[in-house]
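**Student:** Below is a structure I'd like to ask you about.
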Amino acid sequence: MMVGMASWVCLFYFFLLVLLSFVHGDIGGGGWFDAHATFYGADQNPNTLGGACGYDNTFHAGFGVNTAALSGALFRAGEACGACFLVICNYKLDPKWCLRRRAVAVTATNFCPSNNNGGACDPPRSHFDMSSPAFLNIARQGNEGIVPVLYKRVSCRRKGGVRFTLRGQSNFNMVMISNIGGSGELKSAWIKGSGWRTWTPMHRNWGANWQANVDLRNQRMSFKLTLVDGKTMEFVNVVPSSWRFGQTFSSMFQFP
């Protein structure tokens, strides 16, 4: 008995989704969810893509150009900064503008605000306002730039270690923490100077920027990070005592 074309198409997409899950890693065993996507940042300038998470430059932060601004339902007041999503254009719903058999992994670096007037990013909608290069990986530029998509959370694959960019002044230490692997979502952070025995809790100032009102000048600095999925790592003496505000230091270690 011959299998119809529709059945072959269904089988193809089933095996495609299974393959993508193995390649990119599945966070928490979650499934695929419906959303929509638009695009921004057409000039590909990395300085335009950091947005509400506070990444000064998405290449400097380790994310490259495949980034996205998330609606409030996904952004969660900045907790999703650095998280990775696998996005597929829903060809079944929009065969005119979606590209078949194409997927892109994007990092959350920005917030797509609601306008409370039926906009794409209004709650409770899940929406990705993607960088132009990321969007054009899965869809054609048309249909007013909006397409239906399927998405799921995936593990972040990062090159090199977690990065710490020092900001602030005197006894106000603000640290931008970036290039985080694993779930990519930072839940809690602590800091410790070389002259201390105990960890000092930090709190999220905004986006990927964490602060602690302590004076650690002329001390080596260590960090302890806990991700949303509960994984915890210590980065001991990752910052030397000769550090200055504005410098970035990369750890030799990374979340799996």
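The values are calculated or read from the model by the stated rules, or taken from the named source; none is laboratory data. Since the model is a prediction, treat every value here as computed from it, not as a measurement. Areas reflect the complete protein model, heavy atoms only, side chains present, ligands, DNA and RNA absent. Shrake-Rupley method; radii C 1.70, N 1.55, O 1.52, S 1.80 Å.
**Student:** Ignoring ligands, DNA and RNA, how do PHE249, PHE172 rank by accessible area with a 1.4 Å probe, largest first?
**Tutor:** These residues rank, largest area first, as PHE172, PHE249.
**Student:** Classify the range 33-153 from the C-alpha gyration tensor, please: rounded if a/c falls under 1.5, else prolate or oblate depending on whether a/b exceeds b/c.
**Tutor:** Values: a/c = 1.64, a/b = 1.24, b/c = 1.33.
Oblate, since a/c reaches 1.5 and b/c is not below a/b.
**Student:** Still on this structure, please answer the following. For ASN171 and ARG197 in the same chain, what is the full-extension length gain: residue separation times 0.36 nm, less their Cα-Cα distance, in nm?
**Tutor:** Extra length from ASN171 to ARG197 when fully extended: 7.5 nm.
**Student:** Using heavy-atom solvent-accessible surface (probe 1.4 Å) with all chains present, what is the largest-first order of VAL228, VAL106?
**Tutor:** Correct descending sequence by accessible area is VAL228, VAL106.
**Student:** So if each residue of separation counts as 0.36 nm, and I subtract the Cα-Cα distance between THR232 and ALA73, what length gain in nm does that give?
**Tutor:** Result for the pair: 54.7 nm of gain on full extension.
**Student:** Mind running the shape call on the range 162-251? Use the C-alpha gyration tensor, a ≥ b ≥ c as the square roots of the eigenvalues: rounded below 1.5 for a/c, prolate if a/b tops b/c, oblate otherwise.
**Tutor:** prolate
**Student:** How many Å² of accessible area per residue for the range 97-256, probe 1.4 Å?
**Tutor:** Details: 7380 Å² over 160 residues.
Per-residue value: 46 Å².
**Student:** Checking the cross-link filter: which lysines have an alpha carbon closer than 29 Å to that of LYS159, excluding same-chain neighbours under 8 positions apart?
**Tutor:** LYS159 reaches LYS187, LYS192, LYS224, LYS231.
**Student:** What is the Cα centroid distance between the range 241-256 and the range 81-139, reported in whole angstrom?
**Tutor:** Going from one Cα centre to the other spans 32 Å.
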